[in-house]
Amino acid sequence: MAGAEKPNLMLISVGTILTSMILAGFLLGFFVDSLFQTTPIFLLSFGFLGILGGILKAYKLLTDPELN
Amino acid sequence: MSASEGSSGGGTVEYIQHHLTNLCVGDCDPVTHKAASFWALHLDTVFFSYALAALIIIVSWRLGRSLQTDVPSGFQNFVESILDFVAQQVRDTFPGKNPLIAPLALTIFLWVWLMNFMDLIPVDLLPLLASFLGIGYLKVVPTTDLSTTMAMSLTVFALILYYNIKTKGLIGYGKMFLFHPFGKFVIPINIVMTAIEELAKPLSLGLRLFGNMFAGELVFLLIALIGGSAAIGFGLLLVVPLQVVLDLAWLIFHILVITLQAFIFMVLTIVYLGMATTSDH
């Protein structure tokens, strides 16, 4: 039962997970940049990683929800 | 549910902006009435969320004193069915046993649902009553304020961190950051990716609830504007029924939305905490 419930419920949030991972990447990059005074470098690279991670995570959730 | 004060106050944009402005005290912008720094408090959000929390406490306290074991009353039956529903969700999604999870899930479900329910009260009613008391701005739905939803999701995030460190240990939790998505050859990228993934959990929790409730409130405001923006006269015969029908339809649909959002917030909290308490990732 637990195996059947969990993936279904996680699938509800695929859309927001994608967007919030992109957002989280840019936010983390912005924070690191303001810490080290290196403005566009980490913002852009972490943002890119966030986009990549978001797409990857959404793909994983949709193709193999058991793993999540 | 009319927008009469909006049309006299200078148009539809002002009406909507006025309704979406919190009662801000402390360090607020004098023109926009928005918080200018961290040291500002949305008094209406705090008031309504605490009042609803007090309502939950008082009702459950009163019910707890008059529990019947042989023939439960209708209300006790109703509360028991909610309890059973939440307990079933926890059993289904949470691995192992933890005395905190079920009460936490129940609290989140009831509190978020009640805060969302404020959306179904006619949009102009409480602000109008408040304006008689001299309160200029009032936003009655606490979950349409990002402060509420992010505060709740950050609390959940703190619990996620706590349980992660408690079950895996500080080193075990750190290891999760090192080798997670891409194996052991790109450790710096792994650290960033896992950090982003962890940070995305509270962000998605808070933003989803805020977004859904804010959009719902905005639709209620737009429907309220239909009647208010029509000129007094023959046009009202057409416009008022339209407003009533649209408002009723959106109201009924919104009952589903508020329940679903409260449910999702609760379930994802259970799922995330369940992930945090399992040692093998």
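Taking every DSSP helix (H) stretch of at least 4 residues in the protein assembly as shown, weighting each as -39,500 (n - 2.57) and dividing the sum by the residue count yields a mean residue ellipticity at 222 nm of -26000 deg cm²/dmol. Compare each residue of the stretch B:254-281 in its chain alone against the assembly with all protein chains, and report those whose accessible area goes down by 10 Å² or more; 1.4 Å probe, heavy atoms. Buried by 10 Å² or more upon assembly, which counts only protein chains, are B:Phe263, B:Ile264, B:Val267, B:Leu268, B:Val271, B:Tyr272, B:Met275.
How big is Rg to Rh over the protein assembly as shown, alpha-carbon atoms, Rh as the Kirkwood inverse-mean-distance radius? If you can, show how the numbers build up before the last one.
On the way: Rg = 23.1 Å, Rh = 22.7 Å.
Here Rg/Rh amounts to 1.02.
So between B:Ser81 and B:Val25, what do we pick up on full extension, going 0.36 nm a residue minus the alpha carbon distance?
Numbers: separation 56, 0.36 × 56 = 20.16 nm, distance 4.05 nm.
Gain on extension, B:Ser81 to B:Val25, equals 16.1 nm.
For helix B:235-277, report the angle its Cα long axis makes with the longest principal axis of the Cα atoms of chain B; keep it between 0 and 90° and round to the nearest 10°. Result, in degrees: 10.
Excluding ligands, DNA and RNA, what is the accessible area buried between chains B and A, summed over both sides, using a 1.4 Å probe, to the nearest 100 Å²?
Approximately 2100 Å², summed over both chains.
Helix B:74-93 and the longest principal axis of the C-alpha atoms of chain B enclose an angle of approximately 40°.
Its residue count N sets the reference 2.2 N^0.38 Å, and the alpha-carbon radius of gyration of the stretch B:1-158 equals 1.30 times that reference.
Contact residues in the stretch A:18-33 by the 20 Å² criterion (accessible area, 1.4 Å probe, full protein complex versus chain alone): A:Ser20, A:Met21, A:Leu23, A:Ala24, A:Leu27, A:Leu28. Panel note: the C-alpha atoms of chain B, placed on their principal axes, show extents of 72, 59, 36 Å (largest first). Near B:Cys28, the amide H atoms lying under 5 Å from its own belong to B:Ala36; only residues 5 or more places off or on other chains count, and H is placed 1.01 Å from N.
Counting heavy atoms of the protein chains alone, B:Trp113 has an accessible area of about 80 Å² for a 1.4 Å probe. Largest accessible area first, the listed residues B:Leu199, B:Leu237 line up as B:Leu237, B:Leu199 when surface is computed with a 1.4 Å probe on the assembled protein chains. If you take the charge dipole of chain B about its Cα centre, with +1 on Lys and Arg Cβ and -1 on Asp and Glu Cβ, which of B:Tyr15, B:Val245, B:Gln76 is farthest toward its positive end? Final value for the positive-end residue is B:Gln76. Helix B:146-179 and the longest principal axis of the C-alpha atoms of chain B enclose an angle of approximately 10°.
With a probe of 1.4 Å, find how much accessible area the stretch A:17-68 has per residue, and write the answer as a whole number in Å². Could you put the intermediate results ahead of the total?
Working: 3190 Å² over 52 residues.
Result: 61 Å² per residue.
Put a dot 7 Å past the Cα of B:Ser37, heading toward its Cβ, do the same for B:Leu55, and the two dots end up 3.6 nm apart. Accessible surface for the stretch B:3-276, divided over its residues, is 52 Å² per residue with a 1.4 Å probe.
Given a 1.4 Å probe and the protein chains as shown, B:His180 ends up with an accessible area of around 60 Å². Surface composition of the protein assembly as shown: carbon and sulfur atoms hold 75% of the protein heavy-atom accessible area at a 1.4 Å probe. In nanometres, what is the gap between the two model label sites at A:Gln37 and B:Leu251, each 7 Å from Cα along Cα-to-Cβ? In this crude spin-label approximation the distance works out to 6.0 nm.
The values are calculated or read from the model by the stated rules, or taken from the named source; none is laboratory data. From a predicted model like this one, the values you see are computed outputs, not experimental measurements. Cβ sites come from the backbone with ideal geometry, for glycine too, and all protein chains shown count toward neighbours. Keep in mind that these areas ignore ligands, DNA and RNA; they rest on the heavy atoms of the full protein, side chains included. Shrake-Rupley method; radii C 1.70, N 1.55, O 1.52, S 1.80 Å.
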